Each structure stands twice: as C-alpha cells, then as structure tokens.
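A short write-up of the structure that comes next.
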Amino acid sequence: MPAPTFNLIGLIVTDMARSLAFYRVLGLDPPPGADTEPHVEVALPGGLRLAFDTEGTIRSFDPDWTPSAGAGRLTLAFACDDPAEVDARYAELLTAGHRGHLPPWDAFWGQRYATVLDPDGNHVDLFAALAAAADVPTPPAAVS
C-alpha cells in the first residue's frame with residue numbers, strides 16, 4: 001500500500017475576513033467572496049493547499065471541539081525576495097493592526113528574519129537570504 005500524500009494544511013480561524021486579509025498581505029489569493037465563507041481553500045505551489053475553517057464549521061461536525069488553551073505549536077514561513085521585503089511586510093502587517101512577535105533581525109544562519117502573529121495567534125515567519133553573513137546580532141526580545 002502506498003503512503004498517504006500530504007496535501008493540505010488547515011487553520012481554524014475566529015474571523016474569516018480578518019484572517020484572509022492577513023494572508024493576502026503575504027501574497028495568498030483567496031477566491032472572490034471568500035471573506036464570508038465558512039471554509040476557504042487556497043492553492044499553494046507544488047499542489048499543497050492551505051485551508052481556513054471557522055470555529056463554527058469545525059463545531060458543525062465536532063460539537064465537543066474547543067480551541068487550544070496554550071500557545072500554538074504551528075509556524076508558517078513565507079520566503080521574501082530580499083531583506084527589505086521582510087522589513088516592509090512586517091511593517092505593513094503591524095500597520096494593519098496585527099501583532100509582531102520578533103521584529104526583523106539578521107539571523108546567525110544568514111537570513112533576515114521576523115515573526116508576526118496571525119489573527120488567531122499562529123506564528124508566521126518572514127525570511128530572506130542576506131547578501132553577506134557578517135557580524136550578526138543576537139535575536140531581539142519577543143514583542144509583548
């Protein structure tokens with residue numbers, strides 16, 4: 001029997017419109033009218049899909065479902081074209097009212113890196129290769 005194929009990542013969201021607005025800034029293209037839908041899928045390169053389901057959708061087939069009480073363990077990462085784009089996307093998301101977690105910094109592994117939180121508290125990393133990995137500062141403190 002062949003192994004199953006990994007082809008979907010699902011996010012459970014409290015506010016579909018706000019979540020889709022966040023991910024549009026990062027280049028995802030949900031279908032028209034998706035902001036009011038209970039389930040939305042976006043095709044990703046390579047055939048993978050990212051799905052968004054409202055809490056109500058999940059409860060429609062799992063009435064005992066409750067949101068996790070602790071911090072999430074999921075991180076999504078978006079590659080940017082260059083370090084300036086990391087800074088610009090981070091600033092754009094904060095200006096739109098989203099929370100930053102780690103402001104842009106030059107990581108010791110040779111990337112410009114930043115972490116923002118999506119509307120449901122999932123960590124979303126932004127990164128791009130640095131032109132030269134010179135003296136790289138230590139990571140900044142988390143934003144509270």
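The values are calculated or read from the model by the stated rules, or taken from the named source; none is laboratory data. These figures come from a predicted structure and were not determined experimentally. Every residue, glycine among them, receives a Cβ derived from its backbone with ideal geometry; neighbour counts consider all protein chains shown.
Below is a table of values for the structure above.
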| read-out | value |
| --- | --- |
| Of residues in region 44-88 being in contact with a Lys or Arg (Cβ under 6 Å, 6 or more places away or on another chain) and at pLDDT 95 or above, the one surrounded by the fewest Cβ atoms within 10 Å (Cβ to Cβ) | Pro83 |
| Boolean, Val42 is touching a helix residue (DSSP H, G or I) at 6+ places or on another chain (Cβ under 6 Å) and not assigned by TED's automatic domain parsing to the domain that holds Leu130 | no |
| Helices (runs of 4 or more DSSP H) enclosed by region 1-111 - at least 3 residues per element that are closer than 19 Å to Asp125 by Cβ and not aromatic (Phe, Trp, Tyr) | 16-25, 83-95 |
| Single condition Leu126 does not satisfy, out of (1) touching a residue at least 12 places away in the same chain (Cβ under 8 Å); (2) more than 23 Å from Met16 (Cβ to Cβ) | (2) |
| Selected residue (only one of Pro63, Pro67, Pro119 is under 26 Å from Thr14 (Cα atoms) and in contact with a Ser or Thr (Cβ under 6 Å, 6 or more places away or on another chain)) | Pro119 |
| Given (1) without any contact (Cβ under 8 Å) to a residue 60 or more places away in the chain; (2) out of contact with any helix residue (DSSP H, G or I) (no Cβ under 6 Å at 6 or more places or on another chain), index of the condition Thr54 fails | (2) |
| Residue check, Leu94 buried (at least 17 other Cβ atoms within 10 Å of the Cβ) and closer than 23 Å to Val13 by Cβ | no |
| Cross-chain or 6+ apart pairs with Cβ under 8 Å, region 107-119 first and assigned by TED's automatic domain parsing to the domain that holds Glu85, then basic (Lys, Arg) and assigned to a strand (DSSP E or B) | Val116/Arg99; Leu117/Arg99 |
| Where Asp15 falls short, out of the listed (1) within 17 Å of the chain's Cα centre (by Cα); (2) within 15 Å of Pro119 (Cβ to Cβ); (3) surrounded by 15 or more Cβ atoms within 10 Å (Cβ to Cβ) | (3) |
| Subset of region 26-37 (residues that are surrounded by fewer than 17 Cβ atoms within 10 Å (Cβ to Cβ) and either among the acidic types (Asp, Glu) or closer than 20 Å to Val116 by Cβ (or both)) | Leu26, Gly27, Leu28, Asp29, Asp35 |
